[in-house]
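Report on the following structure.
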Amino acid sequence: LGDQSDAPAVLLEHKGKNHYFLLPLLLGLLGLFFQFDRDKRGCWLTFLLFFMTGIAIVVYLNQPPFQVRERDYAYAGSFYAFCIWVGFAVPAIYNGVQNILKNRAAIASAAVVTGLCLCVPALMAEENWDDHDRSGRRTAVEMARNYLNSVGPDGILITHGDNDTFPLWYAQEVEGIRTDVRIANTSLLGTDWYIDQMKRRQYESAPLPIDIDRIQYLYGTNDFPYVANLIDRPILASEAIAIFKNPKFKLSDGKTDYIPAKKLLVKVNKENVRKYGIVPEADMDLVADYLELEIEPDRIGKVDLIILDILANYEWDRPIYYVVPDADVHLGLDKWSQYNGFCYKLVPIKTGNSRDKEYIDLDKMYDRIMNVYALESLAKSGVNYDYQNIYTFEAVVPMREMFVTVAEGLAARGDKKKALAVLDRAVETLPQANFPYNISWMRSINEYALLRIVDLYLRLDAQEKGLALADAFVEETTRVITYFSQEYRGEMLSRKTVEDNFNYFSFLLQSLEGAGLKEKADDFQDRLYDALHVM
């Protein structure tokens, strides 16, 4: 994809700004050359350090493109070795200048050498500054604020990795944002020290209701508890945890700590569900008496055990949320999940597959999108939005998907004005200049989300807005198809990307024809064929 320092709209254009490394490379190799006669052993050691922590690491890790964050730290050792070579070069150049001046002007020699060597960092700064300038970019903090503001008072937010956790910690610890929310990270929830932390109060957040004795979750203990399924019927999760804590007999293999059943029930305290607003009052008639959970594997992880313990003691007096349903947790919570924008909420209403996003509190989501969520940084001009930002907000956290899902729900219930307001907010928040309409090479749902926005605009009689988006999308999509249709080793550069984009075109043409815009659909199709004929 070439250099990506300019606006994301030109991600597919190779601008050839890759020569800047030649000067520091020359300086480093020069230092190695001059030092070799003085200290062969030291030079070989630095070369070995450079090779093993640089070239060898590249081969060993074989990192794919589009990482969720910059991975330069993987090669830090090679940078150190290279700096040693540059250090060798400086006195070598100084001695060479001294010989030329015949040792008559030591200060002048030092000045010349300093000037020459400063060209290296000056060139690297000039070429790299725009690629790495993050001034004015507050997207990570805004994202963290939005995650936290998706959670109700004194809520529990279950996260799963470092990318969806570190910004939240920063927002709470440094900026004091929503310190009543308890972050529970499943990457750490299998460790005894982190479980101990969860059992203590933190700022305004009450302790988590973890009741298992500490001796049963110490390091190396019950990392993968056995699910015996001795009771072939649903039992209360509280009963299962009670048996786990104090089993009456051993299993045939001598194990004493086990979950006795695969089908578990979590009692729903309906009074607290209503009192603490776990579900809207209008949906109280849908609330079940019990959450029905089913454990499929014969063993669960320690994280599952702790989550199960929390649920066993859960009184529905504080809301529970998770970034991704059942990620790192395998208890069947997916069927009891409400789409909540940046996360999902555990609700005592059977919702089926949470990824269908059928159960949404539309009024709350509309208020968050229009009045609560911090979205200004995404639309800010003059800020460097590199591919990691694009990948985060269009693939990892598909923002356009959130907007259009809520808008479709509002439109389905007849709230045309609010649906259009949410669509307008999506276009304003994620402008094409910062976040391209087509990033299909990143394998995201962004393209279909954008096309759904177009389709909904057309269905809500806002044809001018829908066609403006469609026109911009077609322009980007024809460029993508043209680029990835190029021949590479006898094949297309990426047949999958080309096929995906033809599917996007088909979806768009169907939307236009469904809105009675057959002539516009034919025009877009002609533009695609013209682009293909140019190849």
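Picking from L29, T186, Q197, whose Cα lies most toward the positive end of the charge dipole for the chain (charges on Cβ: Lys, Arg +1; Asp, Glu -1)?
Looking along the dipole axis, the top candidate is L29.
Just to be sure I follow the definition: excluding the sites themselves, where is the longest run in the chain that has none of the chymotrypsin sites (Phe, Trp or Tyr not before Pro) in a DSSP loop with at most 10 other Cβ atoms within 10 Å? All intermediate terms of the calculation are to be shown ahead of the outcome.
Values: sites that count: Y219, F249.
The longest uninterrupted stretch comes out as 250-535.
Would you work out which of A288, V266, F244 lies farthest towards the positive end of the dipole of the stretch 222-322, given +1 charges on the beta-carbon of Lys and Arg and -1 on that of Asp and Glu, about the Cα centre?
F244
Using the basic label-point model (7 angstrom from Cα toward the beta carbon), what is the A206 to E296 distance in nanometres?
3.4 nm
In whole Hz, what ³J(HN,Hα) sequence does the stretch 333-343 give by Karplus (6.51, -1.76, 1.60; θ = phi - 60°), x for Gly and Pro?
6, 4, 7, 10, 10, 10, 5, 10, x, 8, 7
Can you give the charge dipole size of the stretch 249-395 about its Cα centre, rounded to the nearest 20 debye, using +1 on the beta carbon of Lys and Arg and -1 on the beta carbon of Asp and Glu?
240 debye
Quick one: of K262/K496; K357/K418; K248/K350; K418/K520; K345/K520, which pairs are farther than 30 Å apart, Cα to Cα?
Values: K262/K496 41 Å; K357/K418 19 Å; K248/K350 34 Å; K418/K520 27 Å; K345/K520 42 Å.
Beyond 30 Å: K262/K496; K248/K350; K345/K520.
Would you mind checking the tilt of helix 40-50 against the longest principal axis of the Cα atoms of the chain, expressed as 0 to 90 degrees and rounded to 10?
The answer is roughly 40 degrees.
Rounded to a whole number, what % of the accessible area of the chain do carbon and sulfur atoms account for, probe 1.4 Å? Show your work: numbers first, answer last.
On the way: 14760 of 26300 Å².
Of the solvent-accessible surface of the chain, carbon and sulfur hold 56 percent.
Contour minus end-to-end for E513 and E487, with contour as 0.36 nm per residue of separation and end-to-end as the Cα-Cα distance? Don't jump to the answer; show the numbers that get you there.
Details: separation 26, 0.36 × 26 = 9.36 nm, distance 3.30 nm.
The E513-E487 span can extend by a further 6.1 nm.
Have a look at the stretch 262-393 and give its Rg and Dmax from the Cα atoms, expressed in angstrom.
Rg then Dmax for the stretch 262-393, in Å: 17.4, 55.
At 0.36 nm per residue, minus the direct Cα-Cα distance, what do Y170 and D283 gain on full extension? Give it in nm, one decimal, please. Please list the in-between numbers first.
Working: separation 113, 0.36 × 113 = 40.68 nm, distance 3.56 nm.
Computed gain between Y170 and D283 is 37.1 nm.
Suppose R0 equals 30 Å. What FRET efficiency, 1/(1 + (r/R0)^6) with r the Cβ-Cβ distance, do A125 and V372 give to the nearest 0.05? Don't jump to the answer; show the numbers that get you there.
Working: r = 40 Å, r/R0 = 1.32.
Working from the Cβ atoms, E equals 0.15.
Ranked from highest to lowest mean number of other Cβ atoms within 10 Å per residue, what is the order of the peptides 204-212, 300-308? Display every interim value, and only then the final one.
Values: 204-212: 17.1, 300-308: 22.9.
Those peptides, ordered most packed to least, come out 300-308, 204-212.
Would you rank V396, V120 by solvent-accessible area, highest first, keeping every protein chain in place and using a 1.4 Å probe?
Correct descending sequence by accessible area is V396, V120.
Out of the trypsin sites (Lys or Arg not before Pro) in the stretch 29-137, which ones are loop residues according to DSSP with at most 15 other C-beta atoms within 10 Å? Provide the component values of the computation, followed by the final result.
Details: sites: R38, K40, R41, R69, R71, K102, R104, R134, R137; in loops: R38, R69, R71, K102, R104, R134, R137.
In loop regions of the stretch 29-137 (DSSP not H, G, I, E or B), the sparsely surrounded trypsin sites (Lys or Arg not before Pro) are R38, R69, R71, K102, R104, R134.
What distance in nm lies between label points placed 7 Å from Cα along the C-beta direction at I445 and K263?
3.1 nm
Provide the per residue accessible area, probe 1.4 Å, for the chain, rounded to a whole number of square angstrom. Working shown, then result.
Working: 26300 Å² over 535 residues.
So the chain comes to 49 Å² accessible per residue, rounded to a whole number.
Please list the non-local residues whose amide H lies under 5 Å from the amide H of R299, H modeled 1.01 Å from N, same-chain partners needing a gap of 5 or more.
Sorted by chain and number, the residues that satisfy this are V227.
What does the charge dipole of the stretch 30-171 about its Cα centre add up to, to the nearest 20 debye, if the Cβ of each Lys and Arg holds +1 and the Cβ of each Asp and Glu holds -1?
Details: 11 positive and 13 negative charges, 134 e Å.
In total the dipole reaches around 640 debye.
Under a point spin-label approximation (7 Å from Cα along Cα-to-Cβ), what is the N503-A111 distance to one decimal in nm?
6.7 nm
Once the Cα atoms of the stretch 41-141 are picked out, what are the Rg and Dmax in Å?
Gyration radius and largest Cα-Cα distance of the stretch 41-141: 18.8, 58 Å.
Please compute, for the alpha-carbon atoms of the stretch 166-283, the extent along each of the three principal axes and give them in descending order in Å.
If we take the Cα atoms of the stretch 166-283, the spans are 53, 41, 19 Å.
Once amide H atoms are placed 1.01 Å from N in the peptide plane, what residues at a sequence separation of 5 or more from L236, or on another chain, have their amide H within under 5 Å of its amide H?
L265
Can you list residues whose amide H is under 5 Å from A184's amide H, if they're 5+ apart or on another chain and H is modeled 1.01 Å from N?
Residues meeting the amide H criterion: L157, I158, T159.
Can you list the HN-Hα couplings for the stretch 394-410, worked out from phi with the Karplus curve (6.51, -1.76, 1.60; θ = phi - 60°), rounded to whole Hz and with x for Gly and Pro?
So the Karplus estimates, Gly and Pro as x, are 10, 10, 5, 10, x, 5, 4, 4, 4, 4, 6, 5, 5, 4, 5, x, 5 Hz.
Where in the stretch 338-403 are there GluC sites (Glu not before Pro) that are in a DSSP coil and have at most 10 other Cβ atoms within 10 angstrom of their Cβ? Walk me through the numbers before you get to the answer.
Details: sites: E358, E376, E394, E401; in loops: E358.
In loop regions of the stretch 338-403 (DSSP not H, G, I, E or B), there are no sparsely surrounded GluC sites (Glu not before Pro).
Quick one: dipole size for the chain, taken about the Cα centre, charges +1 on Lys/Arg Cβ and -1 on Asp/Glu Cβ, in debye to the nearest 20. Numbers along the way, then the final one.
Numbers: 58 positive and 75 negative charges, 286 e Å.
Dipole about the Cα centre, nearest 20: 1380 debye.
Return the equivalent ellipsoid semi-axes of the chain as a descending list in whole Å, where each equals the square root of 5 times an eigenvalue of the C-alpha gyration tensor.
On the way: eigenvalues 485, 277, 93 Å².
They are 49, 37, 22 Å, listed from largest to smallest.
Show me the three semi-axes of the equivalent ellipsoid for the stretch 111-230, from the C-alpha gyration tensor (sqrt of 5 times each eigenvalue), largest first, rounded to whole Å.
Values: eigenvalues 384, 87, 33 Å².
Those come to 44, 21, 13 Å.
Just want the answer: with Cβ charges of +1 for Lys and Arg and -1 for Asp and Glu, which residue in Y276, I360, N340 is farthest toward the dipole's positive end in the stretch 260-362?
The Cα lying farthest towards the positive end belongs to Y276.
Read phi for every residue in the stretch 486-500 and hand back ³J(HN,Hα) as whole Hz from Karplus 6.51 cos²θ - 1.76 cosθ + 1.60, θ = phi - 60°, with x for Gly and Pro.
Karplus values, whole Hz, x for Gly and Pro: 4, 6, 9, 6, x, 10, 5, 4, 7, 4, 4, 5, 5, 4, 4.
The values are calculated or read from the model by the stated rules, or taken from the named source; none is laboratory data. The structure presented is a predicted model; accordingly, all values stated were derived computationally and were not measured. Using ideal geometry, Cβ is built from the backbone for each residue, glycine included, and neighbour counts are taken over all protein chains shown. These area figures cover heavy atoms from the full protein model, side chains too; ligands, DNA and RNA do not enter into them. Shrake-Rupley method; radii C 1.70, N 1.55, O 1.52, S 1.80 Å.
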